[in-house]
Structure formats: C-alpha cells, structure tokens
Amino acid sequence: MDLFDFTNEPEQKLTSNSPVFTEVKPVPSKVSAVISHDTNTMPTLLTYAQQEANNVWKAYKYRRDCLRYIGRFASTDDLGFLPVGKITPRYMRTFQNRVEQTTMSPSTVNRHIAAISGLFRYAMEMVDINDMPAMPKYAREQTERVRVFAPEEQRAVVQYFRDTGDSWMADMFILGCLTGMLKSEIIAVGDQGPRAKVIAPDKQSVHLPAGLTKTKTGRKVDLNAKASAALVRRRDCIAKEYSHDIFYNRWWNCKARVAPYDKTFTFHVTRHICASNLANAGKNQKLIGEILGHSSEKTTSKYVHPHDEAKKATMRDFSMEI
C-alpha cells in the first residue's frame, strides 16, 4: 500500500501506516534545555513534534491538524525516527515529489508545508537545531474572488446564530457588516482589560488604539443605532463566550447550513459587505477606506463589489443607437 495514495480516502484522514498523535500536555521543561547540538543526542522528529506541539501551535484544532501533517511527512522514508537536526533538504525534496504525485489539492499540500515550516522555524528560534532545511515551494492555488453575501444570506446567518443560542455570534456578524471592523477588533472591544474603555460614553463611536488595528494606526469607528446596540449588548458576552476554537466551530456549522459549497464564506467577508454597501450608497472610495482603516485606496478597491441589482439596473438603463 502506498502511504501517499489518498485516492480512496477523505483528504484529511490518516492512512493506516501513518503515526497517530494524541493530545499532549506542555512539558515542564523546554527541550532546548537538554538538547546539545550534537545531532546524535537530539530527539527524533516525532518526539520533538509531540513535546513541543503546544508551544508551536496554540489552537487545539490547528495543532491537531498540523500533527497529522507532520505524521505524513515523518512517514516518508521513516523520517520520524531521525534526529530532528538531521532532516536535510534532500528529505524535503523527496516529500515534495511524493505529494505532487498524489490527489492532494494545492491548498492541502500548502497546509502540509506550513506545518513542517512552523515546526522547524520554532526549533530554530529555540536554538534546538543548527540549521533549518530548505522548505518546498508552496503549490499555486486557484483563488476565487470574494463575493458579497446577498441580503437574504445575511439574514440567514443572523437567524441561524440566534436560533442556536449564539446571539453573540449574530452580534459579531452585525458589527462586521455595519462597521467594517475586523474580527480581532470586535473581540478587543469586549476585552475585560484596559481596552474595554474604547467605547465612547455616548456609545455612538469606538476608538481603536494603534495597538489594536492591522495598520498600527488608531482610528475612530462611528456607530449607527443598530451597531451600537449590538456592541453594547455583547461587550461583556464576547469576552466570556469567545475562543478561537469555539468561534470557528460555530462559524463552520453556520456555513454548512447557509452556504455549504461556498469556499469564500468567511467572517472577513463582512468587511466586503460593509464597503460594498457604502459604495452602492454613493460614498466615495477615500471615505470608505478611512472607515475600514485602509492605508491606500488600492486596497479599498478590492473590497468594493457592485450589487447584482445595481448591475442589472445599469445594464437595463444602458442603451445606444444602433
């Protein structure tokens, strides 16, 4: 049986010959404290991955997936039993050649490469290895242009979260659509620390300090009545309910119900919805960029999508003498 023949199995499942990892607790002392740079005394690749998994990949689901990817890599010519410092570029090239001959999608190949790179990058940062082997090149992926959710889809998302008892998720979605705030910015407003004071006393705006924004530039976000109500209602609830794993588990459940075959169904689309609604309301691109916190209008242009009805109306009214 070829370990890398995934023709008859789901893409994410391990083969019977692949090492199986179990969740591990953080080791009390760092591996680097007992590793010498004599490669013969270093732990094996599999041992190192298990010992340092909690430090390399913080989120449980991501850690679980990355350990599975490392397991497939380790099964190439029994690499898992080699000392972590003896993995050379030649082994990496062999792995790349093998996966390129499988039915793996480019995105899955890239997830394997990212997991391997993350482990070795961590080992270099901890000075646990002398050199980082050259990583395979990422596979070229076919990307789809993000679309804007139709109004009925937006209502379906909000209703789904309310029906399942996750009203805080519904309010996060509403805030994203009405303000263009990033998910991380919305979560920070619900922080119980000093950052919780960013809401203005009149509850009609939010001040995002430079440390919270992606561009590292502070900005003021004005709120309409509906956005203000959602923000105030969930300011404390988000801090209590939110975790990375919980959020994405609930989001993907919603995706399975509302748009199961849509690869662009992500929370980040809320920023596209906000920008597109502002553009279709006649607001200029510079203003939209300032609301979303963009540093250039070129970036903003990627977020603006004409509504289908607007396109239909434009073509309906367009005519010429022929």
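The modelled label-to-label distance between ALA210 and GLU100, using points 7 Å beyond Cα along the C-beta direction, is 4.5 nm. Applying 1/(1 + (r/R0)^6) with r as the Cβ-Cβ distance of ALA229 and ALA200 and R0 = 22 angstrom yields a FRET efficiency of 0.95.
Once you've got the Cα coordinates, tell me which of LYS183/LYS240; LYS214/LYS298; LYS283/LYS311; LYS263/LYS286; LYS137/LYS183 are over 19 Å apart. The answer is LYS263/LYS286; LYS137/LYS183. Packing order of peptides 228-234, 43-49, 94-100, highest average first: 43-49, 228-234, 94-100 (average count of other Cβ atoms within 10 Å over each peptide's residues).
Under the simplified labelling scheme, the LYS302-MET135 pair shows an inter-label distance of 1.9 nm, with each label point 7 Å from Cα along Cα→Cβ. If the chain linking TYR248 and GLN159 were pulled fully straight, counting 0.36 nm for each residue of separation and taking away their Cα-Cα distance, it would gain 30.3 nm. The alpha carbons of the stretch 151-307 give a radius of gyration and a Dmax of 15.1, 43 Å, in that order. Protection proxy ranking for 72-81, 252-261, 299-308, using the average of other Cβ atoms within 10 Å per residue and placing the highest first: 72-81, 299-308, 252-261. Compared with the alpha-carbon gap, the fully stretched path from ARG121 to THR41 is longer by 26.8 nm at 0.36 nm per residue.
Residue separation of LYS312 and ASN284 scaled by 0.36 nm, minus their Cα-Cα distance, works out to 8.0 nm of gained length.
Computed from the coordinates by the stated procedures, all read-outs in this text should not be read as laboratory data. Not measured: the values here are computed from a predicted model. Note that we place each Cβ from the backbone using ideal geometry, even for glycine, and neighbour counts take in every protein chain shown.
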